[in-house]
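A quick write-up on the structure given underneath.
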Amino acid sequence: MSLLAPLFLLGLAGIALPLWLHRLQTQKPERLPISSVMLLAQSEQRLHVQKKLRFLLLLSLRILLLALVALAFAQPLWKLAAGAGLIGKAREHLIIIDNSLSMSAEGRLDAARAAADSIIGELAGGDRAQIAAAGSSIELQVAGSGGASADKAALRRALAQIRPGAGRLEYATAIGAIDSLATDSQLPLVVHLISDFQASGLSPRFADLLPHTAQARPVELQLHAVAAMAAPNYTIAAVRAAADGIHVTVRGHGTPAAPVAVHLRVNDVERGVQRQTAPADGEVTLQFTGIALNAGDNRVLAQLEPADPLVADDAHYAVLQGGGAQAVPLLTADIRGPSVTYIGAALNVAAARYRAQALRIGEFDARTLERYRWVLVDDIGALDAALANGLQKYLESGGAVLAASGARAAALQTLPLTGQSVRGVTVRNADPLSIGRVDGTHALLVNTSGWQNLSVARMLKVDAATADRVLIASEDGEPLLLERRIGTGRLLLLTSSLDNAWNDLPVQPVFVNFIAEAARWLAGDDAAGVQQLTGALLQLPTAGGGAVQVVDPEGRELLSLSATRSARSLRLPRSGIYRLVTPARETLIAVNSDPRESDLLPIDEAALTGWRNAAAAAQAVAPEEGSVQAESGSLPLAQWLLLLLALVVVAESLAGNWLLRRGTGVPS
Amino acid sequence: MSNGARQDARSRLIRPEVLSGLANLELIARSVVEGVLIGLHRSPFFGFSQEFAEYRPYVEGDDPRFVDWNVYARTDRTYIKRFLGDTNSHLMLLLDASASMGYGSGKLSKFRYAQMLAGCLAWLSSRQHDAVGTLIFDDAVRDYRAPSTRSGQLHAILHALDSAQPARRTDLGAPFRRFREHISRRGMVAVISDFYCDPEEMLQAVRPLAFQGQDVVLMQVLDPAELQPTIASSTLLEDMETGEAVEVSPDFMQREYPERMRAHIEALRNAAVRAGADHIVMNTSAPLDEPLRRYLTFRQKRR
């Protein structure tokens, strides 16, 4: 017998505790002289002897209990010689079946199931196995009562539960997950990886493909390839909007030169078929001209025909922006003022998705604010009460506003929207202020630079509230740019102007970048990309703590009511167009399979042989390093010790209770 | 004696544990006896001490101190004045000095109490002009002084009592046989012991004395803790003579042991009756006047 953690035997020192306690209890009671014992009952003396005997029984139980605890922690293994029986040859099998997208190619998953079934059929007596499906995530298929099972019928039922996935499998990820998938058993572990072994799934570091466990147990890796040959496969690599319509790029993997056809549907309306000959193992772009997209998001589905061996990647979803750039209202008192010019120019250059639409404050209808993803205000002091009230509601419902300051704000005692008191205006015409601090951790500013060149001649003096986050402060510590959350919306307040009257920001290089980042951040474009891969985790927006819901391509809501406020991410299980719904807006997300899964080229035989050899070599080294001989096998005793421990605990409790009821006193 | 007067008399008595602090046994005996006698003089207790009994002619050998010189002046004859107390009786004090007598739950051990009691009896008897002797024993005779009225006998007895130490085991048989061999005259025998022995064994030892015509009184000295023990927890009690240890529970000592003690005392009393002896139980927490009074009562009945 050997011990995996012999240091735990130090716990045997704990036996001293009951010994000490019992010595205290069994040492003779207070000894007093008496004239004669002739009148004392002899039965008292006999009782004393019996009590000591009973205490010895209890002491023995307690010592045994502690010894078992220490021994169980030490993880004893009963080494069995080779051929010592079925237990000596027992193995734990971990069958990992690749169910990534590429395994959807005709026949591959069935072949994998057959291979796994064969492994299950060959399980020897004493062997146990568990089955895992590996795609974008690796999930154990529960067999029987869970954990490794020797029940072949249960294992086959678990095998039948495996369905084709749409994710991507990196083999290094699967190998690295062995530790968490395998049980705590000390049986030798045999890992069966059943896959089509796509060349694209290989790790650049070969060492990542070799199994290793934190436990000192031998691990054998067996690779079961279910696709020896490359299969030609077409996939739609991209769908994008162009000036003349929609362009669809078709990519062939291992394909000969052949005509391909693509059906296009826009907003669930068939918009035609394009056919073109694709070069051998190359790309071809099909142009759907004359298609006018609607303003805003458009759902686009490009479907390849004819179907090829891998059907799952023949459809490609896209969300295309129609109607050109979205208008962003620039609320100003002077639609011909310099701020309109500067901001308009910056937006045109930096953010093609948005264009500034200068609107006079007195003429703007606040009820139309809900149409816009974000709003610009060139002088917060110019807002009238009605518009300020409308903007307040717009913000509370999830809107976003970039407001600058100007001469009108300087004349106010309290700023609208924020309610901040204006303590005056810093005027440094002769000696302009520079920037003292920039919060580079904020998403808005992380990609901007050059603020140190900014000169500020005038800026409002306002105090940041507790909830405000000062993003930029001047050298005298006054906030220049601060963020405030209002409801579920967000407000950026620039305490100087957006023209060159109070500072030179519009003429600094950082200005364009700042406007671009502000547009992206305020519009929430960073919260959820409109293009995602199948199996990826969608990061859900959490601003303001508002509820979020995700609707899958079939129109089913994926988040429960409680999860709409608490969920931070969500896995996108399949291709299609999802809707991300927040209180402020609805965003369409096109989810497509990883394009690398479309390349069905397997690892060449030489590389696969090298992988097998390296795994075998690693396994041969393991017994020398480890303390367990794979050939001899070993029987872990911990579970039996725990069972015995439970029995001893019960016996000790019964004995203690019995002694207590006898009134003889029990050492505690 | 009224109750108030009795209490007044008791209040002058010194507690035994206080008396034991006095180093001189003679002083102790004198203090106790004088206190008792003062109480007796105030009481209608007749027939003791200086009470006149008769005149008889002086014969050679009589102590000239007892010549009544008034009678001689009137009649020109020498007469000896005799008193009731002058009975020419003798008292033999048998003191158990076994180890068990060394027990005491407080400051006062049974042996010290017995020493004081024996001293007081010796003093009282000497004052009565009785011949007093002692025999100190355990499992053998440790010291023997034959009864005598000689001058210096009292001091010798007190010294012998004072110097005795409790040790060894109790055996009434051998010492009592030895005593019977030495005693020939009738008198009083006071056996002071805790009597941790078989009542039958005691009977066998005492009965021959009674057959000799001795008036035997058994004074059983017991500590209060022996009559009503109080232990809080299970205790190992060790025999002071044999070293044998017995673990006892508080419940046993509070319920069963007093019953056993009571039965033992009763058995001793019955055995004493069968031997024609008196049996007196003495609690070491009680003042010494009580046993002295009982002794005097016993002496009175004997006359």
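The values are calculated or read from the model by the stated rules, or taken from the named source; none is laboratory data. Since the structure is predicted, the reported quantities are computational estimates derived from the model, not experimental observations. Glycine also receives a Cβ, built like all others from the backbone with ideal geometry; neighbour counts cover every protein chain displayed. Calculation scope for accessible area: heavy atoms of the full protein, side chains included, ligands and nucleic acids excluded. Shrake-Rupley method; radii C 1.70, N 1.55, O 1.52, S 1.80 Å.
Key figures
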{"item": "Candidates A:ARG251, A:ARG265, A:ARG271, A:ARG217 - the one that is touching a residue at least 60 places away in the same chain (Cβ under 8 Å) and open to solvent by 50 Å² or more (accessible area, probe 1.4 Å)", "result": "A:ARG251"}
{"item": "Residues that are in contact with a helix residue (DSSP H, G or I) (Cβ under 9 Å, 6 or more places away or on another chain) and of a type in the set (S, T, N, Q), drawn from region A:575-602", "result": "A:SER575, A:THR582, A:ASN592, A:SER593, A:SER598"}
{"item": "Residues of region A:378-390 classified as assigned to a loop (DSSP other than H, G, I, E, B) and either crowded, with 16+ Cβ neighbours inside 10 Å or at pLDDT below 85 (or both), total", "result": "3"}
{"item": "Considering residues of region A:124-151 that are touching a residue at least 40 places away in the same chain (Cβ under 8 Å), crowded, with 18+ Cβ neighbours inside 10 Å and part of a loop (DSSP other than H, G, I, E, B) only, the residue farthest from the chain's Cα centre (by Cα)", "result": "A:ALA148"}
{"item": "Qualifying residue in region A:398-411 (condition: small (Gly, Ala, Ser), in a helix (DSSP H, G or I), without any contact (Cβ under 8 Å) to a residue 60 or more places away in the chain and over 22 Å from A:PRO506 (Cβ atoms))", "result": "no"}
{"item": "Residue list for region A:274-312, restricted to those being closer than 13 Å to A:VAL250 by Cβ and of a type in the set (Val, Ile, Thr)", "result": "A:THR277, A:VAL284, A:THR285"}
{"item": "Some residue of region B:151-167 being over 13 Å from the mean Cα position of the chain (by Cα) and within 14 Å of another protein chain (Cβ to nearest Cβ)", "result": "yes"}
{"item": "Those residues of region B:152-211 which are closer than 25 Å to B:ALA225 by Cβ and touching a strand residue (DSSP E or B) at 6+ places or on another chain (Cβ under 7 Å), in sequence order", "result": "B:LEU161, B:ALA164, B:THR170, B:ALA190, B:VAL191, B:ILE192, B:SER193, B:ASP194, B:PHE195"}
{"item": "Matching residues in region B:244-255 - criterion: being among the acidic types (Asp, Glu) and within 7 Å of chain A (Cβ to nearest Cβ)", "result": "B:GLU244, B:GLU247"}
{"item": "Residues of region B:61-84 satisfying the condition of being modelled with pLDDT of 80 or more and in a loop (DSSP other than H, G, I, E, B)", "result": "B:ASP68, B:ASP76, B:ARG77, B:THR78"}
{"item": "Residue match in region A:330-347 (condition: open to solvent by less than 60 Å² (accessible area, probe 1.4 Å), over 30 Å from A:VAL512 (Cβ atoms) and modelled with pLDDT of 85 or more)", "result": "no"}
{"item": "Selected residue (only one of A:ALA501, A:ALA547 is outside any helix (DSSP H, G or I), open to solvent by 30 Å² or more (accessible area, probe 1.4 Å), closer than 23 Å to A:GLY436 by Cα and modelled with pLDDT under 90)", "result": "A:ALA501"}
{"item": "Only one of B:PRO224, B:PRO208, B:PRO229 that is in contact (Cβ under 8 Å) with a residue 24 or more places away in the chain and over 30 Å from B:ILE28 (Cβ atoms)", "result": "B:PRO208"}
{"item": "Lone unmet requirement of (1) at pLDDT 90 or above; (2) over 13 Å from A:PRO329 (Cα atoms) for A:VAL375", "result": "(2)"}
{"item": "Residues within region A:152-184 that are open to solvent by less than 20 Å² (accessible area, probe 1.4 Å) and closer than 18 Å to A:ASP127 by Cα, tallied", "result": "7"}
{"item": "Total residues in region A:551-572, condition touching a residue at least 12 places away in the same chain (Cβ under 8 Å), within 25 Å of A:SER100 (Cα to Cα) and open to solvent by less than 70 Å² (accessible area, probe 1.4 Å)", "result": "7"}
{"item": "Selection status of A:ALA465, under 14 Å from A:LEU492 (Cα atoms), surrounded by fewer than 19 Cβ atoms within 10 Å (Cβ to Cβ) and either over 32 Å from the mean Cα position of the chain (by Cα) or outside the structural domain of A:SER496 (by TED's automatic domain parsing) (or both)", "result": "yes"}
{"item": "Matching entry among A:ILE194, A:ILE246, A:ILE162 (being at pLDDT 85 or above and assigned to a loop (DSSP other than H, G, I, E, B))", "result": "A:ILE162"}
{"item": "Residue identified as touching a strand residue (DSSP E or B) at 6+ places or on another chain (Cβ under 6 Å) and within 20 Å of A:PRO553 (Cβ to Cβ) among A:VAL284, A:VAL319, A:VAL328", "result": "A:VAL319"}
{"item": "Count - residues of region A:424-454 that are assigned to a loop (DSSP other than H, G, I, E, B) and touching a helix residue (DSSP H, G or I) at 6+ places or on another chain (Cβ under 9 Å)", "result": "11"}
{"item": "Odd one out for A:GLY576 among (1) touching a Pro at 6+ places or on another chain (Cβ under 6 Å); (2) more than 18 Å from A:PRO164 (Cβ to Cβ)", "result": "(2)"}
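One line per residue, one yes/no per condition, for (1) open to solvent by 30 Å² or more (accessible area, probe 1.4 Å); (2) more than 17 Å from B:LEU95 (Cβ to Cβ); (3) within 13 Å of chain A (Cβ to nearest Cβ):
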| position | (1), (2), (3) |
| --- | --- |
| B:ARG178 | yes, no, no |
| B:SER184 | yes, yes, no |
| B:MET202 | no, no, yes |
| B:GLN212 | yes, yes, no |
| B:VAL221 | no, no, yes |
| B:THR235 | no, yes, yes |
| B:THR242 | yes, yes, yes |
| B:ARG260 | yes, yes, yes |
| B:ALA277 | no, no, no |
